[in-house]
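Step one of this worksheet: look at the structure below.
The values are calculated or read from the model by the stated rules, or taken from the named source; none is laboratory data. This is a predicted model, so every value here is computed, not measured. For neighbour counting, all protein chains shown are included, and Cβ atoms are generated from backbone atoms with ideal geometry for every residue, glycine included.
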Amino acid sequence: MTGLEGERDLAAALLGLKERSGLSYQQLGCRVFISSSTLHRYCSGKGVPGDFGLVLRIARECGADPAELNELLRRWEAVTGEGRGEPGSLTAAGPAAGSPEPAPARGVPHPVRSRRASRFRRLARTLGMALLVLGTAIASTPHGTGRDLLPKSAGTSPVPAPAAAASWARPPAAVDPELFGVTMNSYSGAMPSFRVGALRLWDSETRWSQLEPRRGEFDWTTLDRLLDGAGRQGLPSLFVFGGTPAWAAPDARKAAYPEGARAAPPDGLADWDAFVRALVGHAGARIDAYELWVMANHEHHYNGSVKTLVEMTRRASRIIEELDPDATVVCPSVTKLWTARAHRFLTQFAELGGYQYCDAAGVKLYQRRVTDPPETILDAVRKVEQTFHKAGYHLPLWNTGTTQTLPLNDPLQPEQAADHAVRFYLAGLYARNWGLERMYFYAWGNGKIPIVLQAERQPPTKAGLFVGALQQWLAHARVTSCGHGPQVSLPDNVWECRFTAADARGAPRTTRIVWAYSGTATVRAGTGAAIVRRLDGTASALDAEDSVQITERPVLIEHTDAPPA
């Protein structure tokens, strides 16, 4: 078989599995953490995976059985030359001794015979036995009482959960509507037509450079339109400072905005004082909170010194407290929180006393890849808490957005986008044990980002409708605990938050929101189970012995009395 024939042979096998699974290229690519275009190349014969581990992941997500895995290994080895003639190989013998070695496939580095190839062959040989053993163990598990959860498929390997996502339990506490915030990427004054709890103004034509285009001359037209819209909906608003006018710092680096805003502090801080005073005086109680700079550790937004930023924070905080003592002051937001550099910024800002002037700390919590599970932000939350603890501060955290490279990512498929949007807020609820109070989804009105809740002048997407449904579930609930996996006697991939609420007659009941971090599982409803509700508005009656299919889309399970311990 020629190299080209071998590539086509492998591609045909991968395409067959993909088509059988019913998954789109985007959906399957997200599950195995590659782009849809890369997956398409592999399935069309225009490229070859350089690592058999990737082939295994693709096949596993498509439901391949052990015989198919062996066949894939044979085809992959035939193309790449990995492992030819190695003892114990499941494939046919390689070329005779002395035969010329074939050239590597297109896009595949010259094969290096190593332990890696042998390890993957052993994995392929043993996977079938593992499936049989695990399947037998599941089948023989006794049907106990209470919360018995069984994996749906032994062939599904869950994505490792965030290391910092410890389970917790606390006295019942209300779920504040303000947790469900959105950043407004609109300047029309239109508001979301699905339920939200708070608004943040950024990329909404309200930068400093737009509100004060010339020193001492203010244009409040757009800001007033937005604040009036928020007022009609009864939504608290968070104003974000950023974008120094060119006249205030003419020699500074330009920011990434068309009006010539600068990514620097003003040359004279008297200009800063004057703008803060004019803004707060004009807006009054219509602005509920102020974020004192956007992405302060990102050079595209701020490249001045930390010492100057602390002084700007001190000055702004005093002016806001003087003019509107009820307003919340949020310290400048910090991004790239998985890096040591970001935590050095946090530490330096704290050591210079910046956080003593604020009521909350602004942080940017988002997945490193848009296809990663939303719960991965919990590692960053925990690290921030640790950094603040070392610095001697314990401020509430407000998650005020994402990274500026977000629009460069491909859009998620609607089903996955809907699941991720809901779980973004559930991750924030889970993180309240580490001081997280607000979650501002980026963004409302923008139709060019991976997850769209509602593009302006368009109806809400499924993601937007599901976010509204989640808020309906939690409107009168009080959260008591969150946990996942073996920490709370669940399978590795199952997460849960518990709540107390009252039914229509005022009688207390317990509810649980349950979802899979990745893959699926089956959970017995348990003692007192009455109803399972879904985000699309459908519901089914339950009793204790019923099983509920748990997927990456959260469901609500209502109990008439206490759920299983």
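Of note:
- In the range 318-337, the residues that are free of Cβ contacts under 8 Å to residues at least 40 places away in the same chain and part of a loop (DSSP other than H, G, I, E, B): Pro325
- Output for the range 338-375, where each listed residue is among the acidic types (Asp, Glu) and either surrounded by fewer than 22 Cβ atoms within 10 Å (Cβ to Cβ) or not in a helix (DSSP H, G or I) (or both): Glu351, Asp359, Asp372
- Test: residue in the range 462-469 that is in contact with a strand residue (DSSP E or B) (Cβ under 8 Å, 6 or more places away or on another chain), surrounded by 24 or more Cβ atoms within 10 Å (Cβ to Cβ) and not assigned by TED's automatic domain parsing to the domain that holds Thr183: yes
- Top-ranked residue in the range 482-500 [being out of contact with any Asp or Glu (no Cβ under 8 Å at 6 or more places or on another chain) and buried (at least 17 other Cβ atoms within 10 Å of the Cβ); ranked as farthest from Asp372 (Cα to Cα)]: Phe499
- Test: residue in the range 475-493 that is more than 27 Å from Pro162 (Cβ to Cβ) and either in contact with a Ser or Thr (Cβ under 7 Å, 6 or more places away or on another chain) or not charged (D, E, K, R) (or both): yes
- Residue in the range 144-153 that is at pLDDT below 95, out of contact with any Phe, Trp or Tyr (no Cβ under 6 Å at 6 or more places or on another chain) and either of a type in the set (S, T, N, Q) or under 30 Å from Lys383 (Cα atoms) (or both) present: yes
- Criterion applied to Asp492, Asp561, Asp536 was being of a type in the set (Asp, Glu), farther than 24 Å from Ala431 by Cα and at pLDDT below 95, and the one residue passing it is Asp561.
- Residues that are touching a helix residue (DSSP H, G or I) at 6+ places or on another chain (Cβ under 8 Å), under 24 Å from Pro250 (Cα atoms) and hydrophobic (A, V, I, L, M, F, W, C), drawn from the range 267-292: Leu269, Trp272, Phe275, Val276, Leu279, Leu292
- Test: Leu426 is outside the structural domain of Arg553 (by TED's automatic domain parsing), assigned to a loop (DSSP other than H, G, I, E, B), out of contact with any Cys (no Cβ under 6 Å at 6 or more places or on another chain) and of a type in the set (A, V, I, L, M): no
- Here Pro49 passes the criteria (1) at pLDDT 80 or above; (2) assigned to a helix (DSSP H, G or I) except the one numbered (2).
- The range 225-242, subset assigned to a loop (DSSP other than H, G, I, E, B) and in contact with an Asp or Glu (Cβ under 8 Å, 6 or more places away or on another chain), residue surrounded by the most Cβ atoms within 10 Å (Cβ to Cβ): Phe241
- Residue match in the range 383-393 (condition: farther than 21 Å from Thr339 by Cα, in contact (Cβ under 8 Å) with a residue 24 or more places away in the chain and of a type in the set (Val, Ile, Thr)): no
- Test: Leu397 is without any contact (Cβ under 8 Å) to a residue 60 or more places away in the chain and either touching a Gly at 6+ places or on another chain (Cβ under 9 Å) or on the phi > 0 side of the Ramachandran plot (or both): yes
- Annotation note: of Leu238, Leu279, the sole residue that is under 23 Å from Leu323 (Cα atoms) and within 32 Å of the chain's Cα centre (by Cα) is Leu238.
- Only a single criterion out of (1) in a loop (DSSP other than H, G, I, E, B); (2) under 31 Å from the mean Cα position of the chain (by Cα) is not satisfied by Gly260, namely (2).
- Condition check for Ile451 on (1) crowded, with 18+ Cβ neighbours inside 10 Å; (2) in a strand (DSSP E or B): one failure, at (2).
- Members of the range 2-45 that are at pLDDT 80 or above, out of contact with any Lys or Arg (no Cβ under 7 Å at 6 or more places or on another chain) and among the charged types (D, E, K, R): Glu7, Arg8, Lys18, Glu19, Arg20
Condition check ((1) more than 23 Å from Pro374 (Cβ to Cβ); (2) part of a helix (DSSP H, G or I); (3) not basic (Lys, Arg)) across all residues:
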residue	(1), (2), (3)
Pro162	no, no, yes
Ala166	no, no, yes
Gly181	no, no, yes
Ser186	yes, no, yes
Val196	no, no, yes
Arg200	no, no, no
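- Criterion applied to Arg207, Arg262, Arg286, Arg214 was being at pLDDT 95 or above, crowded, with 16+ Cβ neighbours inside 10 Å and over 28 Å from Leu406 (Cβ atoms), and the one residue passing it is Arg286.
- Verdict on Arg438 being within 20 Å of Lys364 (Cβ to Cβ) and in a helix (DSSP H, G or I): no
- Total residues in the range 52-66 satisfying the condition of being in a helix (DSSP H, G or I), at pLDDT 85 or above and small (Gly, Ala, Ser): the figure is 1.
- The criterion of at least 3 residues that are within 28 Å of the chain's Cα centre (by Cα) and in contact (Cβ under 8 Å) with a residue 40 or more places away in the chain is met, among strands (runs of 3 or more DSSP E) falling completely within the range 468-565, by 478-484, 494-502, 508-516, 521-524, 555-559.
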